[in-house]
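Shown next, in structure tokens, is the structure this report addresses.
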Amino acid sequence: MSTQKTVTVIAPDFSLRGKVTPPGSKSITNRALLLAALASGTSRLTGALKSDDTRHMSNALRLMGVIIDEPDDTTFVVTSQGRLQVPGQALFLGNAGTAMRFLTAAVATVDGTVVLDGDDYMRKRPIGPLLASLRQGGLNVDSPNGCPPVTVQGAGQVQARRFEIDGGLSSQYVSALLMLAACGQAPIEVALTGKDIGARGYVDLTLACMRAFGARVEALDDSTWRVAATGYTATDYLIEPDASAATYLWAAQALTDGAIDLGVADADFTQPDARANEVIVQFPNMPAVINGSQMQDAIPTLAVLAAFNRTPVRFTELANLRVKECDRVQALYDGLNAIRPGLATVEGDDLLVAADPALAGTSCNALIDTHADHRIAMCFALAGLKVSGIRIQDPDCVAKTYPGYWQALASLGVQMQFENA
């Protein structure tokens, strides 16, 4: 039987105080890497995240002829001819959702065949709607079952004039199309169908990054953009710290009545998950209903925090959480109820957390199945700050976006036990 590594957080009897600098934003790093690769010249990306997700993106770009140097732990120097070349092998992207979605669109600019694949988890993550939109734009893309692996027959140029996508399915699809659109032979419109867009703030991030690399984008209305055929221009770009990573530190501060200096003002974050702090600062009086659609990656943090709230919390509009690295709604339900039966219930795509301040100081014998999902591992470590006996499987999975997470907790004085069970 193979060993299964676990970590148990030892609940501290003191407030967490100190300074922790979160890693660079994963979302912005992977956008900037791609746009720098599509730009002719040399771009210097500083403040960047070095993690599994960004490694998969950078390695894929290298396979397509882009030179990427890494002079230090937070910098990428990207030199490109402004065109992606046919790779000599399939692009393996692990379980990096942004890399898979963004590159599936971007490699349409390649003159030849590109196969994009991932691990077993990625092969279960949907990408069909993006492929349908690309096909409607005249591009040759295929997938056997609406999930990776994906085969793209690139023609070396993009003749499309319009892409349409249901923005409620995933903002990553919208971002992928927008970034591709600047590479067209003529202006391209990207239009949303349906009434909602999941995590619009991430689309705003994409537009800001595109403009920094020279794209010209005009909003025709609330759901349509016209992207000029400018291509991209190499530039130096500073990447802000990761707001999703910051949520764990904000929550740890709230749970322990601590004071953690992130080295950046809360108001200076532009990423959607920074909105979570507006909820976290209300703890232990969090709102009765929290809409998760616009800060999806922060919901695991908030759900665990809600377990110690004074009153129950209902999390709504979580459908997209079911198709992340794992079904996060189910994983949160399972984990919370492993800590105490009845702590969470699920109604449709809503997660209800019963909330009980008396949980603090108790002990349990809970084994948390992370499903190799970094956010499940990191959020249940927060529960370990207040409840003894919580063992978290596969702690190394945090390397996907926050390789230094356990070291960050340790720097605040938190003790942990790592074991091979």
(message) 7 Å from Cα along Cα→Cβ at both Asp69 and Asp268: what's the point-to-point distance in nm?
(response) 2.8
(request) Within the stretch 334-355, find all residues whose amide N lies under 20 Å from a label point positioned 7 Å from the Cα of Arg322 along Cα-to-beta-carbon. (result) 334-337, 344-353
(request) Given the options Tyr402, Tyr237, Tyr248, state which has the largest fluctuation in a GNM of the chain using a 10 Å cut-off (strictly under) for Cα springs. (result) Tyr237
(request) Quick one: order Ser143, Ser175, Ser133, Ser363 by neighbouring beta-carbon count within 10 Å, fewest to most. (result) Ser363, Ser143, Ser133, Ser175
(message) Over the chain, how many pairs of lysines fall under 18 Å by alpha carbon, counting only those 8 or more apart in sequence or from different chains?
(response) 8
(request) Quick one: order Glu218, Glu317 by neighbouring beta-carbon count within 10 Å, fewest to most. (result) Glu218, Glu317
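Quick check: residue separation of Ala186 and Gln85 times 0.36 nm, minus the Cα distance between them. What number comes out in nm?
34.2 nm
None of the figures in this text is laboratory data; all of them are computed from the coordinates on show. Please read these numbers as outputs of a predicted model, since none were measured by experiment. Cβ: placed from backbone, ideal geometry, glycine included. Neighbour counts: every protein chain shown.
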